[in-house]
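Visitor: Quick one: this structure, given as structure tokens, is what I'll be asking you about.
FYI, it's all coordinate maths here, none of it is from the lab. Note that this is a predicted model, so its numbers are computed, not measured. Cβ: placed from backbone, ideal geometry, glycine included. Neighbour counts: every protein chain shown.
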Amino acid sequence: MIHRESDVRIPTLLLLMCMLFLQFQVHAADPPPPPGMVSTVPGAELWRKVRQRDGKSTDGISQVKGVDAGILINTQGDRWARFRINKLSPYGSIALAVVFLVIVLFFVLRGKIGIDGGLSGRMVHRFSDYERIVHWTLAIVFIFLAITGLILLLGRPLLIPLLGKEAFSLLASAGKEGHNLFGPIFLISLLMMLFSFVRRNIYEKGDLTWLLKGGGFIGEGHVSGGFFNMGEKTWYWIVILIGLLISISGLVLVMPNFGQSRIIMEISHVLHVLGAVVLIAVSIGHMYLGSFGTEGTAEGMKTGYVDINWVEAHHDRWAKECHEKNLVISAEEYARILGKKAESGELLATEQEQGK
Amino acid sequence: MIKSLIDGPLWYFSLAVFCIGVLWQLARIVFTAGKTDLSVARGSAGSGAWRNIFTRFLPRKEIAPQIGIQIVAGYMFHLGLFALLFFAAPHVLFLEEHILGFGWTAMPHWAFIVASQFAFLGLIILWLRRMLNSVGRLISTLDDHIAAILTFIVMLTGCFALLKGFSELRLLHRFTVELLLIYFPFSCLMHAFTFIPSRAFTGAWFGRRGIDA
């Protein structure tokens, strides 16, 4: 049982009475129809003006101060609502479903992309603690926003049949509050991501070749890559640019008290949803490739170290640099860094007691 | 049924466990007899205690660069949580009506939102550092993770209930608060009460021996 605390019945009744009264007043002031045109619909002229069907701006006069205060019915808003319900929501869900299915199909057909010769155990440091914290902060906040955002976008057609209206309204209310609160956190995380990784994500010579070979899927032979290859760089800029679009449009939506008109908010909403759907769709691919889609990739963001064979397979130009600078460490050294030895606490304590 | 349980017996039970548990733990620390220090004092224990209480708010310069993000996130989380706990309008009202009988000026809504965003971001970063830093991961216990996740859930359910339109969301928040209250005295969360005595004790010990630490 849902308890709504605000009782809106009395104000609604008063509003209806005022509207009826105003309607009678305006009827009395209606100009006579032009010769030869007799409208059979009562109040047609009034509603034509109210809904601005002639395309002219017919702002009314209101004591209420604020943008759009003199507009009784926003026809643009009507179009936006129809676009949201009939286009954005269904096509957005179809796009996400298609991406998901394509990835599942790809995994079934291709399987996990392995490394020639397998993993060597010898590692190279790839990401610092700070860089991984930034990555995972952004990832956690993004996933939370994606889930709550999709509840708001697709909840009516998908969740109401499953949960019922009352449970869905509760979920949507909670989701909306969480979504609005975490939005600015996403922007801060995004800026942290921008400043942490931008230097290594500038496009350079050789990236175009990677693109032309489809990252290795087109043609024969190895595709050359630096610290970040073309695909990773492109993903980075998609995250940054679309993330900024989503963040700015989200701020326009979440702070309506800065004088922006409804049309600005409606455009912001459409951009927000379109950007979010694109980002979610591409992020599904990123999550797949970064986890069980490619052998050895996840280690980089888990421990900060990657296998040298993985580096040679995907980032040969960086691998050359690692060898030249002698950055490759042994499996034992890697285990020591991760504290594998220290995990056997008794051994360490015994060694300390013996003064070793 | 569930509503009356959460608003009634479970609330009083969790409050009792929290109060008795915290007092018990503090008493245990205070009344645990330590060895009497018979050495000749080389400095003032009192000034050492006070110095240690305040100087530990900042990291030592030798290690500050390595733990910069931990320090920033730590302050973001703790100050944000403090502001939320004692200056959020719903909390001030609750404390006035149900516990203290008096209230104080609450934060404006925008400050409430900013404080909660600081707290959330700080907590996420702190927990991630615990998970991702190899030393942090090694010295972390299950208690540390439970405390962080439980605190996060309490804050999250609080933010879900912001609209105040659904009593179920308020109940969910209150239920998670009750879980936290019950867990609190037996966990690392006790540092909220022990960090000052702990610093003072260590500082006094150092001060008496003339150690400048």
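Visitor: Which chymotrypsin sites (Phe, Trp or Tyr not before Pro) from the stretch A:162-237 combine a DSSP loop assignment with at most 10 other Cβ atoms within 10 Å?
Guide: Qualifying residues, ordered by number: A:217.
Visitor: For the stretch A:138-168 and the stretch A:248-300, what is the centre-to-centre distance using only Cα atoms, to the nearest Å?
Guide: Answer, in whole Å: 15.
Visitor: Holding the Cα-Cα limit at 26 Å, pick out from A:87/A:112; A:87/B:164; A:165/B:3; A:205/A:320; A:87/A:165 the pairs that are longer than that.
Guide: Violating the 26 Å limit, Cα to Cα: A:87/A:112; A:87/B:164.
Visitor: Also: Does the protein assembly as shown come out rounded, prolate or oblate by the C-alpha gyration tensor, with a ≥ b ≥ c the root eigenvalues, rounded set by a/c under 1.5 and, if not, prolate when a/b is larger than b/c and oblate if not?
Guide: oblate
Visitor: Further, regarding this structure: Ignoring everything except DSSP H segments at least 4 long, calculate the 222 nm mean residue ellipticity for the protein assembly as shown; use -39,500 (n - 2.57) per segment, divide by total residues, nearest 500.
Guide: -21500 deg cm²/dmol
Visitor: I'd like the trypsin sites (Lys or Arg not before Pro) in the stretch B:1-59 restricted to DSSP loop residues with at most 11 other Cβ atoms within 10 Å, sorted by number.
Guide: B:35, B:42
Visitor: In the stretch B:84-168, which trypsin sites (Lys or Arg not before Pro) fall in coil by DSSP and have 14 or fewer other Cβ atoms within 10 Å?
Guide: B:164
Visitor: Could I ask something else about it? Can you check how the C-alpha radius of gyration of the stretch B:83-205 compares to 2.2 N^0.38 Å, as a plain ratio?
Guide: Expressed relative to 2.2 N^0.38 Å, the Cα Rg reads 1.21.
Visitor: Under the rule of at least 5 residues apart or a separate chain, name every residue whose amide H is placed under 5 Å from the amide H of residue A:113.
Guide: A:294, A:295
Visitor: Taking square-rooted eigenvalues a ≥ b ≥ c of the alpha carbon gyration tensor, is the stretch B:111-150 rounded, prolate or oblate, where a/c under 1.5 means rounded and, failing that, a/b exceeding b/c means prolate?
Guide: Oblate is the answer for the stretch B:111-150, as a/c is 1.5 or above yet b/c matches or exceeds a/b.
Visitor: In a solvent-free Debye calculation with one equal scatterer on each Cα, what is log10 I(q)/I(0) for the stretch A:92-340 at q = 0.09, 0.10, 0.15, 0.17 Å⁻¹, listed in the order of the q values?
Guide: -0.49, -0.59, -1.15, -1.35
Visitor: Mind running the shape call on chain B? Use the C-alpha gyration tensor, a ≥ b ≥ c as the square roots of the eigenvalues: rounded below 1.5 for a/c, prolate if a/b tops b/c, oblate otherwise.
Guide: Since a/c reaches 1.5 and a/b is larger than b/c, the shape of chain B is classed as prolate.
Visitor: Do you know the relative contact order of the stretch A:92-340, to the nearest whole percent, from alpha carbon pairs under 8 angstrom that are 6+ apart?
Guide: Answer for the stretch A:92-340 is 36 percent.
Visitor: Compute the separation of the alpha-carbon centres of the stretch B:95-165 and the stretch B:177-197 and state it in Å as a whole number.
Guide: 14
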